[in-house]
Amino acid sequence: MRIAVVSDGRGGGRLRALGSATEAGGSLWRVGDLAGAIADYEEHTGGRARWVWASTEEFYPALMGHSLRISRCHDVALVESLLLAYHGRFGEPRSLGAAWARLHGREAPPDPQQRAGEGAEPPPALFEPDLSTLPPDVDRLTALIEVHADQQRRIAELPHPSRFALLCAVESAGALAAVEMAHAGVPWRADVHDAVLSEQLGPRPSGGTRPRVLADLAERISAEFGREVNPDSPAQLLKAFAGIGHPVESTRSWALERVDHAVVPLLLRYKELSRLHAANGWAWLDTWVSHGRFRPDYVVGGVVSGRWATRGGGALQIPKVVRRAVVADPDWTLVAADAGQLEPRILAAVSGDTALAAAAGTDDMYAPLAESFGGDRQRAKIAMLSAMYGQTGGDAAPLLRTMRRVYPRAMAYVDDAARAGEEGRLVRSWLGRTCPPPSRMWRRIVFGDAAPAEGGAETAPAADPRDGERQARSRGRFTRNFVIQATAAEWALVFMAAVRRHLTGLDTAHGVPQLVFFQHDELVLHVPRAIADSSVECLRAAADEARTLLFGATPVRFPLDIAVVECYADA
DNA sequence: TTTGGAAGCCAC
DNA sequence: AAACGTGGCTTCCAAA
């Protein structure tokens, strides 16, 4: 049962049930308490309603503010985005207003840009102002129903409608989970974080000065160079190294490691600590952690491959040392589940390579692979990653020859994707997420297309003929990886949606189990200790469900590394 | 003064 | 060992 819903911006709204036959004739409710009405209906249907709305980001935070959790939705903006991309129109405006405008032959208005959430915000009590970009004289509910029906039709016309429908469902479920995770927050011990910082950097400095350890290092670095050098400045460092007779081509750590000079260890240590201080130091703690929670602002589908991005806070780059501060509440525990070797397993499943699928039927697929590489697991791993990332330099070439011989269909799968990319074509994930088309600039460089006439600047600067080749290969690496990474991302979404659903079946006598963190192929739950074991069962069942939903009967396994821990650093 | 690219390092 | 994909974020630094 699908129900279209719009808010009136004052806490109320309108809903209409979308019947399969009488789409326009379903019953209409006008309610003063929208959250209450949705809650009633969720309960009444046992969570089987699918709410159709313009945008989860716009709608769901307010419902969370009423402690309401909904089961399923159809996010019109996210689905529109997927459909546009499918037809080579990646990145065009996707809000309800834009979809409606295209449907009526009008010019689509640009999407409203999302404000960068600065730190932890309280959930809004009311629904967000209308961000749909519909013209003011258009009825929101009518437009929503119209666009939704059109999306359903466009999905039905695709070559694999049920796959794409699954993609739309899990993308939408992901949007729900993202809001819920932002609401719950990652349990974060500011005192532990502060202790880690103090231990590494010295006591917290006052007023934006360098912490003591960094200041000491900077001083010793200058002393070694025999001149005042700001170690944060690559330009000054290059000059300084030249000045002491050790010219370097860059100041990257791996380049400096080759230099035999007493300043190098000091500098490497400085870089490491300076990074910690700048990215996850006291300022970050003040901004992003409050009341014992870190609330990442996830951007669902924010990466072309369908991985999530974040807006501020850097939730997807929490360094290992800082994870010591992620500690479960008393009587609660963290359950961290990591899908090991996800991408090579995905390749095994999508390519139908029987040999690779057999390897992926084991817990460590690099072990059977190693047999083809003289028993060298490390070389097997590099070979696998080279195949998926398009690495050709280093030792990759001979390893890839072996891969082509032993796993011909898997290699053909990624090689085909690479060729498509080099030729400017689109590639798709298993469920139909589609990569962006090449840019106009790319077509100009690779195909020699005419530059767009713009202010008479018709003549392109003389390009190196090798640029075309280089650009083509670069896009080939992108599409080669896209088919894997995007499918891995959708495995993770299907998995997360299943976990989310299974968790609602658990005993909540000791508290409600929460998804709190998601990072590409890893999901962290925060649950009462009493239900830790049943949470683990949920995770295992969900992983199995994801495999079957995506790939049916396949020998490929997707084993989870699950850790039940107090502290995330111990996972 | 603001802005945006480049460099560098963090995560997967 | 470091020419291998997706990102975010901070600092520096030159240009507007």
Notebook entry, point to check: Gain in length, A:Ala553 to A:Arg425, computed as 0.36 nm per residue apart minus the alpha-carbon separation, to one decimal in nm?
Noted result: 43.0 nm
Item checked: Value of relative contact order over chain A, rounded to a whole percent, pairs C-alpha under 8 Å and six or more apart -> 16 percent
Check: Could you give the nm distance between label points at A:Arg204 and A:Asp449, where each point is 7 Å from its Cα heading toward the beta carbon?
Finding: 5.3 nm
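When a footprinting reagent is the concern and you count Cβ atoms within 10 Å, what order do A:Glu224, A:Glu469 take, fewest first? Numbers along the way, then the final one.
Numbers: A:Glu224 17, A:Glu469 13.
If I rank by nearby Cβ atoms, fewest first, I get A:Glu469, A:Glu224.
How much length, in nm to one decimal, is gained on full extension between A:Thr508 and A:Arg401, taken as 0.36 nm per residue of separation minus their Cα-Cα distance? Mind dumping the intermediate values first?
Details: separation 107, 0.36 × 107 = 38.52 nm, distance 5.43 nm.
Stretched fully, the A:Thr508-A:Arg401 segment lengthens by 33.1 nm.
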Next item on the list: Obtain the nm distance between the two label points defined at A:His87 and A:Asp570 by a simple spin-label model: each point lies 7 Å from its Cα along the Cα-to-C-beta direction.
Entry: 5.4 nm
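Could you list the trypsin sites (Lys or Arg not before Pro) in region A:157-236 that lie in coil according to DSSP, counting only those with at most 15 other Cβ atoms within 10 Å of their Cβ? Intermediate results must be reported in sequence, preceding the final value.
Numbers: sites: A:Arg163, A:Arg189, A:Arg212, A:Arg220, A:Arg227; in loops: A:Arg189, A:Arg227.
Of the trypsin sites (Lys or Arg not before Pro), the ones in loops of region A:157-236 whose Cβ has at most 15 other Cβ atoms within 10 Å are A:Arg227.
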Check: Any idea what the relative contact order of region A:294-379 is, in percent, if you count C-alpha pairs under 8 Å spaced at least 6 apart?
Finding: 12 percent
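Mind giving me the FRET efficiency for A:Asp544 and A:Trp29? R0 is 35 Å, r the Cβ-Cβ distance, nearest 0.05 is fine.
According to the calculation, E is roughly 0.35.
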Next item on the list: Rank-order A:518-524, A:105-111, A:64-70 by packing density, defined as the average count of other C-beta atoms within 10 Å over each peptide's residues, highest first.
Entry: A:518-524, A:64-70, A:105-111
Notebook entry, point to check: Projected onto the charge dipole of region A:290-396 (+1 at Lys/Arg Cβ, -1 at Asp/Glu Cβ, origin at the Cα centre), which of A:Ala358, A:Gly374, A:Val321 gives the Cα projection farthest towards the positive end?
Noted result: A:Val321
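For a Förster distance of 22 Å, can you work out the FRET efficiency between the beta-carbons of A:Arg470 and A:His160, rounded to the nearest 0.05?
Details: r = 34 Å, r/R0 = 1.56.
Calculated transfer efficiency: 0.05.
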Note to self: Among A:33-45, A:381-393, how do they line up by average Cβ neighbours within 10 Å per residue, starting with the highest?
What the structure shows: A:381-393, A:33-45
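Give me A:Val326, A:Val350 ranked fewest to most by other Cβ atoms within 10 Å of their Cβ, as a rough exposure proxy. Don't skip to the answer; put the middle values down first.
Numbers: A:Val326 27, A:Val350 21.
Fewest-to-most ranking of A:Val326, A:Val350: A:Val350, A:Val326.
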Check: In debye, nearest 20: dipole of region A:344-483 around its Cα centre with unit charges on the Cβ of K, R (+) and D, E (-)?
Finding: 160 debye
Checklist line | Candidate lysines for bridging to A:Lys381, where Cα separation is under 29 Å - those fewer than 8 sequence places away on the same chain excluded | finding: A:Lys320
Notebook entry, point to check: Hey, rough spin-label estimate for A:Ser253 and A:Ser439, points 7 angstrom out along Cα→Cβ, what's it come to in nanometres?
Noted result: 3.0 nm
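No lab work stands behind these numbers, since they all come straight from the coordinates. Since we're looking at a predicted model, the values are computed, not measured. Cβ sites come from the backbone with ideal geometry, for glycine too, and all protein chains shown count toward neighbours.
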